[in-house]
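Heads up, the thing below is written out as structure tokens.
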């Protein structure tokens with residue numbers, strides 16, 4: 001899974017920060033007639049989804065499972081504001097795992113840039129937020145809870161297929177450090193993968209693009 005997440009992150013980041021891709025516009029219609037490409041990704045779009053996100057704790061020798069969700073608003077053709085939440089469900093730990101969370105919540109908010117043509121979009125963004133972690137150690141009689149500032153870097157892609165839903169996949173790197181634990185500071189960095197069906201509501205009237213096939217006559 002780590003290799004897959006790594007190459008996915010590299011691929012999407014490369015695409016996202018390169019020039020806008022060409023070739024996604026299908027050649028549809030007859031000669032000298034316009035074809036209309038309906039754009040579902042438009043300013044004023046409100047998006048949301050929830051899914052199960054597997055993860056890998058990079059410094060804690062553990063795999064994790066989160067219930068994740070996001071809420072996003074498209075403010076311009078290429079920019080959006082987005083909030084994400086990751087709620088820890090379970091994890092598989094080893095004897096080398098220093099911290100085994102019994103509760104963990106990661107909450108982020110930030111800005112994203114979108115690239116691509118028509119309804120296929122690649123996106124990248126950075127978010128600031130917090131991580132709340134409650135964990136247990138065998139020599140403690142009760143759980144300890146810590147709140148740590150965090151940031152996340154996310155890259156992914158979305159394909160919009162209708163007014164009200166789209167498909168997405170993304171990879172998130174989370175940077176987080178727990179300070180003041182019994183053994184000092186401990187990094188809780190993590191890679192999280194999410195994919196699934198997203199939903200959206202166009203709050204503004206959608207627009208269309210007219211592509212002329214051949215040479216238009218006047």
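The values are calculated or read from the model by the stated rules, or taken from the named source; none is laboratory data. Please read all numbers here as calculations on a predicted model, not as lab measurements. In this analysis, Cβ positions are derived from the backbone assuming ideal geometry, glycine residues included, and neighbour counts consider all displayed protein chains.
In contact (Cβ under 8 Å) with a residue 60 or more places away in the chain, more than 23 Å from residue 52 (Cβ to Cβ) and surrounded by fewer than 18 Cβ atoms within 10 Å (Cβ to Cβ), is that true of residue 181? Spelling it out, residue 181 is indeed in contact (Cβ under 8 Å) with a residue 60 or more places away in the chain, more than 23 Å from residue 52 (Cβ to Cβ) and surrounded by fewer than 18 Cβ atoms within 10 Å (Cβ to Cβ).
So that you can scan it fast, the table gives a plain yes or no per residue for (1) outside any strand (DSSP E or B); (2) within 18 Å of residue 48 (Cβ to Cβ); (3) without any contact (Cβ under 8 Å) to a residue 60 or more places away in the chain; (4) in contact with a strand residue (DSSP E or B) (Cβ under 7 Å, 6 or more places away or on another chain):
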{"residue": "86", "(1), (2), (3), (4)": "no, yes, no, yes"}
{"residue": "98", "(1), (2), (3), (4)": "yes, no, no, yes"}
{"residue": "132", "(1), (2), (3), (4)": "no, no, yes, yes"}
{"residue": "156", "(1), (2), (3), (4)": "no, yes, no, yes"}
{"residue": "167", "(1), (2), (3), (4)": "no, yes, yes, yes"}
{"residue": "172", "(1), (2), (3), (4)": "no, yes, no, yes"}
{"residue": "175", "(1), (2), (3), (4)": "no, no, yes, yes"}
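Here's the yes/no breakdown for (1) at pLDDT 95 or above; (2) not in a strand (DSSP E or B):
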{"position": "15", "(1), (2)": "no, yes"}
{"position": "21", "(1), (2)": "no, yes"}
{"position": "27", "(1), (2)": "no, yes"}
{"position": "36", "(1), (2)": "no, no"}
{"position": "47", "(1), (2)": "yes, no"}
{"position": "77", "(1), (2)": "no, yes"}
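Note on region 173-185: residues that are at pLDDT 95 or above and either under 15 Å from residue 144 (Cα atoms) or in contact with a helix residue (DSSP H, G or I) (Cβ under 9 Å, 6 or more places away or on another chain) (or both) total 1.
For residue 59, the criteria (1) more than 19 Å from residue 195 (Cβ to Cβ); (2) free of Cβ contacts under 8 Å to residues at least 60 places away in the same chain hold in every case but one, which is (2). When region 57-69 is filtered for residues that are at pLDDT 95 or above and more than 19 Å from residue 102 (Cβ to Cβ), only 69 remains.
Considering the conditions (1) within 28 Å of residue 186 (Cα to Cα); (2) part of a strand (DSSP E or B), residue 142 is excluded by exactly one of them, (2).
Does at least one position in region 186-205 carry a residue that is at pLDDT below 75 and surrounded by fewer than 17 Cβ atoms within 10 Å (Cβ to Cβ)? Yes, region 186-205 has at least one match. Comparison of 2, 52, 10 shows that the only residue that is within 28 Å of residue 178 (Cα to Cα), within 19 Å of the chain's Cα centre (by Cα), surrounded by fewer than 14 Cβ atoms within 10 Å (Cβ to Cβ) and at pLDDT 90 or above is 52.
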